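Some notes on the structure that comes next.
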Amino acid sequence: MDLSRVEADVLALGDALRRRGWHMATAESCTGGLIAAACTAVAGSSDWFERGFVTYSNAAKTEMLGVDAALVVSQGAVSEAVARAMAVGALQRAGVELAVAVTGIAGPGGATPGKPVGTVWVALAVRGATGDAQVQAERLQLDGDRAAVREQTVQLALRRLREAAS
């Protein structure tokens, strides 16, 4: 992973969040906490980074983020609906203004028909003026091995977070 690029993205994100007085949280499945790790690796991130949830299992998505277990069963853990629910859950559970959720298939063990390796959903939730969550989700189909899929996902998520915070 290009650490200098990631660090630059995190610093820009932190600056944008500070300007707005916002805090953020992450809910990560396929990236295993890499977004949270990138955020907390920079000095001063405690000013704006509140919490990172790592939810590899479906049970963790339900227990930690409040994602409806029936939704995971009906849609699959790697789906737009689950990514959106994860983002809203992180937003609410951490009490922040901005949250990102990623769920995907980074390695060959999770591939299924219609969801090959590299299928990733990224969802951003922003707390609206009335306290409701405004959510955007994006499906990615990435190339490469597990490390490449995870790296690309982290970089895209950091860019999307910065855009949302600006």
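The values are calculated or read from the model by the stated rules, or taken from the named source; none is laboratory data. Note that the structure is a prediction, hence the values are computed from the model and not measured. Cβ atoms come from the backbone with ideal geometry, glycine included; neighbour counts cover every protein chain shown.
Restricting the range 46-64 to residues that are small (G, A, S) and not in a helix (DSSP H, G or I), the residue that is surrounded by the fewest Cβ atoms within 10 Å (Cβ to Cβ) is S57. Annotation note: of V67, V42, the sole residue that is in a loop (DSSP other than H, G, I, E, B) and within 22 Å of A165 (Cα to Cα) is V42.
Within the set S57, S46, the sole residue that is without any contact (Cβ under 8 Å) to a residue 24 or more places away in the chain, among the small types (G, A, S) and over 22 Å from V117 (Cβ atoms) turns out to be S46. Against the test of being of a type in the set (G, A, S) and touching a Phe, Trp or Tyr at 6+ places or on another chain (Cβ under 7 Å), the options S57, S29, S46, S74 yield a single qualifying residue, S29.
When A70 is tested against the conditions (1) over 29 Å from G14 (Cα atoms); (2) under 15 Å from the mean Cα position of the chain (by Cα); (3) surrounded by fewer than 17 Cβ atoms within 10 Å (Cβ to Cβ); (4) not β-branched (V, I, T), the lone failure is (2). In the range 62-80, the residues that are without any contact (Cβ under 8 Å) to a residue 12 or more places away in the chain form Cβ pairs under 6 Å with partners that are β-branched (V, I, T), at six or more places apart or across chains, as follows: A69/T62; Q75/V82. When you check E97 against the structure, is it over 17 Å from L161 (Cβ atoms) and of a type in the set (D, E, K, R), yes or no? No. Looking at A81, A85, A70, can you tell me which residue is within 12 Å of A27 (Cβ to Cβ) and at pLDDT 95 or above? Answer to the selection: A85.
Can you spot a residue in the range 155-166 that is surrounded by 24 or more Cβ atoms within 10 Å (Cβ to Cβ), hydroxyl-bearing (S, T, Y) and under 24 Å from V10 (Cβ atoms)? Break it down stepwise before answering.
Step one: filter the range 155-166 for residues surrounded by 24 or more Cβ atoms within 10 Å (Cβ to Cβ), giving 157, 161.
Narrowing further to those that are hydroxyl-bearing (S, T, Y): none.
No, the range 155-166 contains no residue that is surrounded by 24 or more Cβ atoms within 10 Å (Cβ to Cβ), hydroxyl-bearing (S, T, Y) and under 24 Å from V10 (Cβ atoms).
Are any of the residues in the range 103-123 closer than 19 Å to R162 by Cβ, of a type in the set (G, A, S) and modelled with pLDDT of 95 or more? The answer is yes; a qualifying residue exists.
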